[in-house]
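The values are calculated or read from the model by the stated rules, or taken from the named source; none is laboratory data. Worth saying up front: this structure is predicted, and the values here are computed from it rather than measured. Here Cβ is always computed from backbone atoms with ideal geometry, including for glycine, and neighbour counts include all displayed protein chains.
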Amino acid sequence: MIMGKKVILTYLLLLFAVFSYAQIGELRNNLSIGVNGGALYNKVDYTPRVGQDGYYSYQFGGTIRYISEKYMGLLCGVQMEANFVDKGWREEKDKGGFRRSMSYVEIPFFANIAYGNDRVRGVLNLGPQFSFLLSERDFNKPASSDAYNHNHYADKKFDYGITGGLGVELRSLIGNFILEGRYYFGLSDIYNNGKTDYYARSAHNTISLKLTYLFDLIK
């Protein structure tokens, strides 16, 4: 998907420009590691359209964050995660409620910006995300169905897109707790999307609520 690659490249160039400019700020050296987990709501954006009720599931994994600058009151850094995520889609109940579970290893790379004090901070995460499909499983599949997505597993194991999140961080003597809402917009498709293929688009769109615990290794 050429347009998706252009979007990610443009975003990475903007990030590089922002952090290069921010090097005039106050230097920091804060390294934190921890764990995360939460709930998600997923749909697959199909063209032609497939009626869906939405897919509710879970995610969990590990997080590492490094804050390097304080510039104009903003703490600037980077954050990376490695998560296990169950995505998929659920079709409308009045049409049978077919459900496809898709298990991914998900790796987001974030520009991390925070504002606040030593106890409470607002947090913004924004960056590209890459995922690798591990397995798929069907539920409530009709005995006989001619729907393309009922009879075909994903053509593409590699998924990528842009994700962003807003949250609040509570800092304490026992560690840092972050509650965050995120949105992921898929730029790749799970099925082939050539002129002779059935779907022109088949990309994940995900809303998630995540709780992260971080412990400072270096303050």
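The figures follow:
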| read-out | value |
| --- | --- |
| Failed item in (1) at pLDDT 95 or above; (2) closer than 25 Å to Phe98 by Cβ; (3) of a type in the set (Ser, Thr, Tyr), with Ser145 passing the rest | (1) |
| Subset of the range 174-196 that is under 30 Å from Asp216 (Cβ atoms) and among the β-branched types (Val, Ile, Thr) - its residue that is nearest to the chain's Cα centre (by Cα) | Ile178 |
| Whichever residue in the range 183-219 is aliphatic (A, V, I, L, M) and in a strand (DSSP E or B) and, among such residues, is farthest from Val44 (Cα to Cα) | Ile218 |
| Unmet criterion (only one of (1) more than 26 Å from Ser188 (Cβ to Cβ); (2) of a type in the set (A, V, I, L, M, F, W, C); (3) surrounded by 20 or more Cβ atoms within 10 Å (Cβ to Cβ); (4) at pLDDT 95 or above) for Leu75 | (4) |
| Residue tally, condition crowded, with 16+ Cβ neighbours inside 10 Å and either touching a Leu at 6+ places or on another chain (Cβ under 8 Å) or of a type in the set (Gly, Ala, Ser) (or both), over the range 87-102 | 4 |
| Failed item in (1) free of Cβ contacts under 8 Å to residues at least 12 places away in the same chain; (2) in a strand (DSSP E or B), with Asp94 passing the rest | (2) |
| Residue count, the range 204-219 (criterion: surrounded by 14 or more Cβ atoms within 10 Å (Cβ to Cβ) and either at pLDDT below 95 or not β-branched (Val, Ile, Thr) (or both)) | 9 |
| Some residue of the range 113-127 being under 24 Å from Phe60 (Cα atoms) and either among the aromatic types (Phe, Trp, Tyr) or without any contact (Cβ under 8 Å) to a residue 24 or more places away in the chain (or both) | no |
| Complete set of residues in the range 134-160 that are in contact with a His (Cβ under 7 Å, 6 or more places away or on another chain) and within 30 Å of Gly181 (Cβ to Cβ) | Asp159 |
| Number of positions in the range 165-182 that are within 21 Å of Ser131 (Cβ to Cβ) and outside any strand (DSSP E or B) | 0 |
| Condition check for Ala82: closer than 23 Å to Phe215 by Cα and in contact (Cβ under 8 Å) with a residue 60 or more places away in the chain | no |
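Residue by residue, here is whether (1) charged (D, E, K, R); (2) modelled with pLDDT of 95 or more; (3) assigned to a strand (DSSP E or B) holds:
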| position | (1), (2), (3) |
| --- | --- |
| Asn30 | no, no, yes |
| Ala39 | no, yes, yes |
| Tyr46 | no, yes, yes |
| Ser57 | no, yes, yes |
| Glu69 | yes, no, yes |
| Ser103 | no, yes, yes |
